[in-house]
1. Just to be sure, is residue 174 surrounded by fewer than 17 Cβ atoms within 10 Å (Cβ to Cβ) and at pLDDT below 95?
2. If I go through segment 164-208 residue by residue, how many of them are part of a strand (DSSP E or B) and free of Cβ contacts under 8 Å to residues at least 24 places away in the same chain?
3. Residue by residue through segment 202-213, note down the ones that are farther than 13 Å from residue 227 by Cα and touching a strand residue (DSSP E or B) at 6+ places or on another chain (Cβ under 8 Å).
4. Assess whether residue 214 counts as being part of a helix (DSSP H, G or I) and surrounded by fewer than 12 Cβ atoms within 10 Å (Cβ to Cβ).
5. Given the options 92, 191, 180, 144, name the one that is out of contact with any strand residue (DSSP E or B) (no Cβ under 8 Å at 6 or more places or on another chain) and modelled with pLDDT of 90 or more.
6. Based on what the data block shows, is residue 134 at pLDDT below 95, within 28 Å of residue 95 (Cβ to Cβ) and touching a strand residue (DSSP E or B) at 6+ places or on another chain (Cβ under 8 Å)?
């Protein structure tokens, strides 16, 4: 079930009081105020990097599990590469898939707040050579991270298997190509992306996660993250 929206201090008002100017459109340019909820001590203050579509009042809130996306968060996701496709899927999928997509959106917003530039959401990894079709899909790619969001039950798994293992293998291969200057990658507008060494992240949204799996991922050069 989706949680009710929380009321937070106006982000635009806070920026105005701090002397910073609001951008006219979403540029993915960093801002660094601290955002505080109206309810004292209920959530920890965070350093925010929030990108605004226009000068309307925008509210920002701390990401919480399975939370409903606010109108302002939707406006941010809408402007990100692949974000509009994610939003179009939301009304047309079953509740489990809807929850998964919302979690991907929340983790994307968290990446923005951490200062990451979003390169893609829902990016397919295509077959190479004469073969066609998709090998797997990257949930979120930032300037420095390749994030796969996992929402299942991993409380008693010592390692990944089946589709999860295949996804990890193909994601790591993609990472190798992104770090290789012999490969050329384009963004959604056709601009060439720089060659970049990135971390592969498997982000588990449904704790607990088996400690054996955590160790197994670290040994495979994959960074595990747990929770929202």
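1. no
2. The number of residues fulfilling the criteria is 2.
3. Within segment 202-213, 213 is the sole residue that qualifies.
4. Answer is no for this residue.
5. Just a single option satisfies the conditions, and that option is 180.
6. yes
Results for (1) within 21 Å of residue 157 (Cβ to Cβ); (2) under 20 Å from the mean Cα position of the chain (by Cα), shown as yes or no for each residue.
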{"position": "174", "(1), (2)": "no, yes"}
{"position": "182", "(1), (2)": "no, no"}
{"position": "187", "(1), (2)": "no, yes"}
{"position": "195", "(1), (2)": "no, no"}
{"position": "204", "(1), (2)": "yes, yes"}
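The values are calculated or read from the model by the stated rules, or taken from the named source; none is laboratory data. Note that the structure is predicted; figures quoted are calculated from it, not measured. Virtual Cβ from ideal backbone geometry, glycine too; neighbours counted across all protein chains shown.
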